[in-house]
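Read through the structure below, which is laid out as structure tokens, and then see the notes.
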Ligand SMILES: Cc1cc2nc3c(=O)[nH]c(=O)nc-3n(C[C@H](O)[C@H](O)[C@H](O)COP(=O)(O)OP(=O)(O)OC[C@H]3O[C@@H](n4cnc5c(N)ncnc54)[C@H](O)[C@@H]3O)c2cc1C
Ligand code: FES
Ligand code: FES
């Protein structure tokens, strides 16, 4: 790696100050940033390493109707947490499908979400659960829904000098969801396409579907499901939503599949996820 | 673009294979570089350099980590286990049962992936002393071997588990 200056603050306030002083980017687990530096896509002059904030900001707390997770909590800690496994099993399951254990032991939830790679597994699940990102900056703290937080290709709502402090995920026994990850290469690979489907238990409720890896953000919401299911849900209508997913996505062909294949898979996995979450039609998983 | 930048220098204290070490290192040094170049612990190998292949796996505070992606400054205050220290973790033997089993079952050919395989297998057996074939496959699916075809590795890990549970 080319040389850079590194600072090791012990609090968010200190980190924000250092970022400003040295025009520095933050790193947490560093799994994404180190790769970019090694590939010379990113050539930083200064970096603020948040690792020492782990002491105070690695936690999973049960709050009023939601679970709050500190930005420096590793993906592995979240996936193995008894609280998360009990109250947010779809989150634990989704995280267990990300990369490998040796990456999840180091990668943090804050770094994961700030990375905003369109192929990320977790954002569609957090979108289905209506998670909020708590942001800290020089001017104080604010909060943003994950759907507005991730704005485009590696783009987030974070302003210069702002950091993710924690995320909050509502817990509701009335909402169920599933995440299906289709890998075209190895078990530990990024998704070819990943589909999250969520639905409330109340009668007449309409499912929502979010897909990664097929658009410029990891949260592509399928539009028009309400109209298709307006008179009830059947497996023929679920197939229709699958077609809608194929039509609405805009993938890039790469080693994980051509544009044609990814569109096909977006449709197919939407159908599978919807059959699971609605209980309509035979299970395909 | 940033060639005129000088890396900051950091003092770190840590343990490698039980030995306490303190040294000063530049910010842009990775853990695998620290191990191989500074400490001459060349058992840990670097393959892909970007977290994918598993060759460079070491334990930090008993957790598997890709040493190619970890900045060396981050091991300050921590304990690292590399392949050189594996045998000493088991009843002061010359070889760890995983090492003898890999030899018995020909769990390696060129050997490049082997240090990472052994360290990952140790982490697996620490948390699951009696793994099924499926458990082993799943845990080691994240370590790539271009020689063996994996079957002999799985047999070796099973046999090591048996020896350790005896
Ligand atoms: C080999 C490999 C395989 C992978 N496979 C998958 C996969 O299958 N699925 C998947 O979803 N992901 C995958 N990933 C990506 C992985 O999830 C991310 O690299 C990881 O979650 C990033 O977290 P980190 O803490 O290491 O982030 P870092 O690398 O430290 O940072 C990532 C970004 O976030 C910023 N940042 C870090 N912390 C904060 C903070 N608190 N506030 C604001 N900004 C911050 C950094 O400036 C940077 O832009 C893979 C990565 C690797 C290396
Ligand atoms: S060299 Fe570190 S994972 Fe390949
Ligand atoms: S023994 Fe050669 S790569 Fe595994």
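The values are calculated or read from the model by the stated rules, or taken from the named source; none is laboratory data. This structure is a prediction, so every number in the text was calculated from the model and none was measured. Backbone-built Cβ (ideal geometry, glycine too); neighbour counts: all protein chains shown.
Brief remarks follow.
- Residue within the range B:78-91 that is buried (at least 18 other Cβ atoms within 10 Å of the Cβ), touching a strand residue (DSSP E or B) at 6+ places or on another chain (Cβ under 8 Å) and facing another protein chain (nearest Cβ under 10 Å) present: no
- The selection criterion, being within 14 Å of another protein chain (Cβ to nearest Cβ) and under 22 Å from residue B:67 (Cβ atoms), holds for residue A:58.
- Among residues that are under 17 Å from the mean Cα position of the chain (by Cα), in a loop (DSSP other than H, G, I, E, B), crowded, with 19+ Cβ neighbours inside 10 Å and within 16 Å of ligand 2 (Cβ to nearest atom), residue A:103 is not included.
- Criterion (more than 30 Å from residue B:135 (Cβ to Cβ), surrounded by fewer than 17 Cβ atoms within 10 Å (Cβ to Cβ) and in contact (Cβ under 8 Å) with a residue 40 or more places away in the chain) met by exactly one of A:235, A:255: A:235
- Sole residue being part of a loop (DSSP other than H, G, I, E, B), over 29 Å from residue B:144 (Cβ atoms), at pLDDT 95 or above and not assigned by TED's automatic domain parsing to the domain that holds residue B:160, chosen from B:77, B:43: B:77
- Hits in the range A:194-204 - residues which are at pLDDT 95 or above and either surrounded by fewer than 20 Cβ atoms within 10 Å (Cβ to Cβ) or within 12 Å of ligand 1 (Cβ to nearest atom) (or both): A:194, A:200
- Looking only at the range B:97-116, residues that are surrounded by fewer than 18 Cβ atoms within 10 Å (Cβ to Cβ), in a loop (DSSP other than H, G, I, E, B) and more than 8 Å from ligand 3 (Cβ to nearest atom) come to 1 in all.
- For the range A:131-151, residues that are within 13 Å of the chain's Cα centre (by Cα), in a strand (DSSP E or B) and touching a residue at least 40 places away in the same chain (Cβ under 8 Å) total 2.
Residue by residue, here is whether (1) farther than 26 Å from residue A:110 by Cβ; (2) within 16 Å of ligand 2 (Cβ to nearest atom); (3) within 14 Å of chain B (Cβ to nearest Cβ) holds:
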site: A:164; (1), (2), (3): no, no, no
site: A:170; (1), (2), (3): no, no, no
site: A:173; (1), (2), (3): yes, no, no
site: A:183; (1), (2), (3): no, no, yes
site: A:212; (1), (2), (3): no, no, no
site: A:226; (1), (2), (3): yes, no, no
site: A:235; (1), (2), (3): yes, no, no
site: A:239; (1), (2), (3): yes, no, no
site: A:243; (1), (2), (3): yes, no, no
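- Residue B:68 falls short on exactly one of the conditions (1) within 9 Å of another protein chain (Cβ to nearest Cβ); (2) over 23 Å from residue B:20 (Cβ atoms); (3) within 14 Å of ligand 3 (Cβ to nearest atom); (4) crowded, with 24+ Cβ neighbours inside 10 Å, and that condition is (3).
- Flag if residue B:57 is within 24 Å of residue B:110 (Cβ to Cβ), touching a helix residue (DSSP H, G or I) at 6+ places or on another chain (Cβ under 9 Å) and touching a residue at least 40 places away in the same chain (Cβ under 8 Å): yes
Okay, residues lined up against (1) surrounded by fewer than 23 Cβ atoms within 10 Å (Cβ to Cβ); (2) over 30 Å from residue A:174 (Cβ atoms); (3) in contact with a helix residue (DSSP H, G or I) (Cβ under 6 Å, 6 or more places away or on another chain):
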position	(1), (2), (3)
A:28	no, yes, yes
A:41	yes, yes, no
A:53	no, yes, no
A:68	yes, no, no
A:95	no, no, yes
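- Condition met for residue A:172 (within 16 Å of ligand 3 (Cβ to nearest atom) and either in a loop (DSSP other than H, G, I, E, B) or modelled with pLDDT under 95 (or both)): no
- Of the residues A:38, A:20, the single one that is touching a residue at least 12 places away in the same chain (Cβ under 8 Å), over 21 Å from the mean Cα position of the chain (by Cα) and more than 9 Å from chain B (Cβ to nearest Cβ) is A:20.
- Assessment of the range B:22-36 against the conditions (assigned to a strand (DSSP E or B), more than 23 Å from residue A:53 (Cβ to Cβ) and away from chain A (no Cβ under 14 Å)) yields at least one matching residue.
- Looking only at the range B:34-47, and only at residues there that are free of Cβ contacts under 8 Å to residues at least 24 places away in the same chain and out of contact with any strand residue (DSSP E or B) (no Cβ under 8 Å at 6 or more places or on another chain), the one that is surrounded by the fewest Cβ atoms within 10 Å (Cβ to Cβ): B:40
- Which listed residue is modelled with pLDDT of 95 or more, crowded, with 16+ Cβ neighbours inside 10 Å, in a helix (DSSP H, G or I) and in contact with a strand residue (DSSP E or B) (Cβ under 6 Å, 6 or more places away or on another chain), from B:154, B:119, B:136: B:119
- Residue B:92 being more than 18 Å from the chain's Cα centre (by Cα), under 28 Å from residue B:34 (Cβ atoms) and either in a strand (DSSP E or B) or modelled with pLDDT under 95 (or both): yes
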